[in-house]
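Visitor: The structure follows.
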């Protein structure tokens with residue numbers, strides 16, 4: 001008698017867990033298939049000073065949050081062009097994961113565009129750092145776009161993209177502002 005009651009409870013529990021798992025996946029299909037994170041800051045400086053810092057990936061550790069100070073086990077190497085289109089930064093580490101940034105567009109008057117391939121194609125982002133003149137100074141805008149496809153797990157993960165990447169982008173823009181304004 002006890003065994004039969006116990007088995008019924010286990011079956012109910014298992015069916016309930018399966019129902020929750022199924023709901024998780026079904027809801028995942030209805031979540032957005034694209035995510036975009038945008039942060040900007042006004043810098044009192046020249047566009048060429050911003051461009052010189054963002055067009056050379058070797059200078060990114062000076063102003064981004066993605067440094068060996070934050071990820072001590074991360075190793076970085078550079079390939080391709082020295083700067084501009086074709087410049088590539090490859091980072092790998094247990095704490096940071098593996099990522100490759102490749103500049104795909106570089107225009108001194110408006111900024112750069114790049115791809116970020118995270119964990120060997122697991123997620124590819126399209127990014128840009130653009131700037132425009134405003135009455136208050138140079139508005140520098142950093143965008144990061146992700147195509148999440150139909151994978152419900154990626155779509156659930158995409159919900160956290162803004163909070164995960166946004167803080168790093170804000171940190172980078174703030175450091176970039178300080179460096180450009182100190183040059184003045």
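Visitor: Tell me the helices (runs of 4 or more DSSP H) entirely within region 1-76 that contain at least 2 residues that are touching a strand residue (DSSP E or B) at 6+ places or on another chain (Cβ under 8 Å) and buried (at least 18 other Cβ atoms within 10 Å of the Cβ). I'd like the intermediate steps shown before the answer.
Guide: Details: elements: 2-30, 47-54, 60-63.
Once the helices (runs of 4 or more DSSP H) in region 1-76 are filtered for at least 2 residues that are touching a strand residue (DSSP E or B) at 6+ places or on another chain (Cβ under 8 Å) and buried (at least 18 other Cβ atoms within 10 Å of the Cβ), what remains is 47-54.
Visitor: Kindly list, by first and then second residue, each pair from a residue in region 69-84 that is modelled with pLDDT under 90 to a residue that is assigned to a loop (DSSP other than H, G, I, E, B), limited to pairs with Cβ atoms under 7 Å and residues at least 6 apart or on different chains.
Guide: 71/93; 71/95; 71/96
Visitor: Okay, next question. Tally the residues that are surrounded by 15 or more Cβ atoms within 10 Å (Cβ to Cβ) and in contact (Cβ under 8 Å) with a residue 60 or more places away in the chain, restricting the search to region 152-169.
Guide: To start, the set of residues in region 152-169 that are surrounded by 15 or more Cβ atoms within 10 Å (Cβ to Cβ) comprises 152, 154-158, 161-162, 165-166, 168-169.
Adding the requirement that they be in contact (Cβ under 8 Å) with a residue 60 or more places away in the chain leaves 152, 155-156, 158, 161-162, 165-166, 168-169.
Count: 10.
Visitor: Scan region 6-30 and report the pairs whose first residue is modelled with pLDDT under 85 and whose second residue is exposed (fewer than 10 other Cβ atoms within 10 Å of the Cβ) and not in a helix (DSSP H, G or I), with Cβ atoms within less than 9 Å and a gap of 6+ or a chain change.
Guide: 29/150
Visitor: Just name the residue that is surrounded by the fewest Cβ atoms within 10 Å (Cβ to Cβ) out of those in region 77-96 that are in contact with a helix residue (DSSP H, G or I) (Cβ under 8 Å, 6 or more places away or on another chain) and within 16 Å of residue 118 (Cβ to Cβ).
Guide: 88
Visitor: OK, next. For residue 109, indicate whether it is exposed (fewer than 15 other Cβ atoms within 10 Å of the Cβ) and touching a helix residue (DSSP H, G or I) at 6+ places or on another chain (Cβ under 9 Å). Don't jump to the end; show me each part of the working.
Guide: Details: exposed (fewer than 15 other Cβ atoms within 10 Å of the Cβ): yes; touching a helix residue (DSSP H, G or I) at 6+ places or on another chain (Cβ under 9 Å): yes.
So residue 109 passes the test.
Visitor: I'm told residue 56 meets every condition in (1) in contact with a helix residue (DSSP H, G or I) (Cβ under 9 Å, 6 or more places away or on another chain); (2) in the same structural domain as residue 156 (by TED's automatic domain parsing) except one. Can you identify the failing condition by its number?
Guide: Here residue 56 clears every test but (1).
The values are calculated or read from the model by the stated rules, or taken from the named source; none is laboratory data. Bear in mind the structure is a predicted one, so any value in this text is a computation, not a measurement. Virtual Cβ from ideal backbone geometry, glycine too; neighbours counted across all protein chains shown.
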